1. Identify the single condition in (1) open to solvent by 30 Å² or more (accessible area, probe 1.4 Å); (2) under 30 Å from L426 (Cα atoms); (3) in a helix (DSSP H, G or I); (4) modelled with pLDDT of 85 or more that T215 does not satisfy, given that it satisfies every other one.
2. So which residues in segment 142-154 are open to solvent by less than 50 Å² (accessible area, probe 1.4 Å) and either in a helix (DSSP H, G or I) or modelled with pLDDT of 95 or more (or both)?
3. Among the residues of segment 471-486, is there at least one that is open to solvent by 20 Å² or more (accessible area, probe 1.4 Å), at pLDDT 90 or above and in contact with a helix residue (DSSP H, G or I) (Cβ under 8 Å, 6 or more places away or on another chain)?
4. Can you pull out every residue in segment 39-63 that is modelled with pLDDT of 60 or more and not in a helix (DSSP H, G or I)?
5. For D360, are the conditions met, namely being more than 21 Å from S196 (Cβ to Cβ), acidic (D, E) and surrounded by fewer than 21 Cβ atoms within 10 Å (Cβ to Cβ)?
6. The conditions are (1) farther than 22 Å from Y436 by Cα; (2) surrounded by 24 or more Cβ atoms within 10 Å (Cβ to Cβ); (3) touching a residue at least 40 places away in the same chain (Cβ under 8 Å); (4) not β-branched (V, I, T), and A159 fails exactly one of them. Which is it?
7. Where residues in segment 382-396 are surrounded by fewer than 19 Cβ atoms within 10 Å (Cβ to Cβ) and of a type in the set (A, V, I, L, M, F, W, C), which of them is nearest to V341 (Cα to Cα)?
8. If I go through segment 397-418 residue by residue, how many of them are open to solvent by 60 Å² or more (accessible area, probe 1.4 Å), more than 30 Å from L511 (Cβ to Cβ) and in a helix (DSSP H, G or I)?
Amino acid sequence: MAQLPPGIRFITSFSRDQWYRAFIFTLTFFLYASFHLSRKPISIVKGELHKHCAASHEVELSSYREYAAQIQPVKKPSNASQCGWEPFDKNNYKQLLGALDYSFLCAYAIGMYLSGIIGERLPIRYYLTVGMLASGLFTAMFGLGYFYNIHNLWFYIMAQIANGLVQTTGWPSVVTCIGNWFGKGRRGLIMGIWNSHTSVGNILGSLIAAYWVSTCWGLSFVMPGVIIAVMGIFCFLFLIEHPKDISCSSTPSSSSNAFLNGASRFRVHMPTLNAKEASKPQDPEMQHLLIDSENCTASQNSSSAITGEGRHGTSAISFLGALRIPGVIEFSLCLLFAKLVSYTFLFWLPLYITNVEHLDAKRAGDLSTLFDVGGIFGGILAGLISDRLEKRASTCGMMLLLAAPTLYMFSAVSKMGLEATVVMLLISGALVNGPYALITTAVSADLGTHKSLKGNARALSTVTAIIDGTGSVGAALGPLLAGLISPSGWNNVFYMLMVADACALLFLLRLIQKELRCNADHTLFKEH
């Protein structure tokens, strides 16, 4: 018998369950990357919506009023002045651009609280597909303003509001789906890698939008809109919500025992352990990494919490019930300030680079992707450290503590040249996005399967929506504050971001103290 080719041997070395799990990991990665891809164009196009028109003329003008009078006779019939695209060509352009950001993010924050509650009552595949198709429509709608020569501010604001509402379908859906397929062992690392879809989407969105921004900025929105709509079709055709739907095992573990996974909704049968077996260290798949609020024992992935309900047999958790889960409020408020910092960079970084480095919109957009490259490494590093230390809150606190002085250094160093800016973009991206990535993925999944839920893991979607929805309030405030503060100087914007990082750390202090105290008690117990 002939030896199997190396490629076939490689394929057959993985089980059917492993291939399905890898497929869902990859599919949900690109599904949510397309959401961020469609959010990024607005930050790239800002430099085109308002141009520093005085800088493009060699003549020295005494005032903006004098310059406006000089160009009045040659103003384009399309109402697109040499200072940008009306109505963003006025002196208050930063406030108008900030209003666009606020419109999207405020709608996103409000919609997120409802999305998790609705999402856990509907099939994920249908819910996510409709949301992605609608997101494609409203993303493209903003770009159509260019082709139809629309200069009404309310048209762009309404497009942003509608897009913000429908984009809330994404996060609770993909986190619930990935939670269904992956257990708790190495969850921080796995979800840290998976969460890099945020940065990958931002990078791709920046590159796609930057390609057309100087020639036809409408396509900077239309093309991402088409991409997310196409991905919505892929979602409808291929997304598998739960491993039980295709008779796969519920966890990645190779053990013959079918343990309950991070967001399982069906009965599992576990053999009774004798005293000797029960005293052995449990498999990492069976352990929570968040400290229980009552004591210093790790919350188990609940053999005692299994209620025997079917996959759809448990009732959905209430909003107040989700808030009572230990740690939900603290991490939600922490994420509010962490996401404020992250989204301020997301929406204003290209314009900041344009002003400081004096680059055109395309080059500034390309350079801003380095912040997201740093974010990829930050998310993976946060997950790896939290798995190794078994301390989610302490890992977030450590990165937040380092982020504040790093932001100050960034504001100072970025004025020294392009090379220094590149280095600080990578470092800042890692420290700013690390805690944000960890809280929205591994922490949310841990809290959504807390032992106090007694096996009602349908709460995962609601808990995820509460945490990310609260974070989205900060995401809405950050760009708005940046638009209001930046006229007084970019340094003041960075001071605001540093204060936000300090507030995020403040809300974690109780959980960090509990983790450290429990670790000290555990060490003392071992010594005795």
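1. Every listed condition holds for T215 apart from (3).
2. Passing the criteria: F142, G143, G145, L153.
3. Taking every residue of segment 471-486 in turn, none turns out to be open to solvent by 20 Å² or more (accessible area, probe 1.4 Å), at pLDDT 90 or above and in contact with a helix residue (DSSP H, G or I) (Cβ under 8 Å, 6 or more places away or on another chain).
4. Within segment 39-63, K40, H50, K51, H52 qualify.
5. Yes, satisfied.
6. Result: A159 fails condition (3) only.
7. It comes out as L384.
8. Result for segment 397-418: 1.
The values are calculated or read from the model by the stated rules, or taken from the named source; none is laboratory data. Not measured: the values here are computed from a predicted model. Backbone-built Cβ (ideal geometry, glycine too); neighbour counts: all protein chains shown. Note: areas computed on protein heavy atoms with side chains; ligands, DNA, RNA excluded. Shrake-Rupley method; radii C 1.70, N 1.55, O 1.52, S 1.80 Å.
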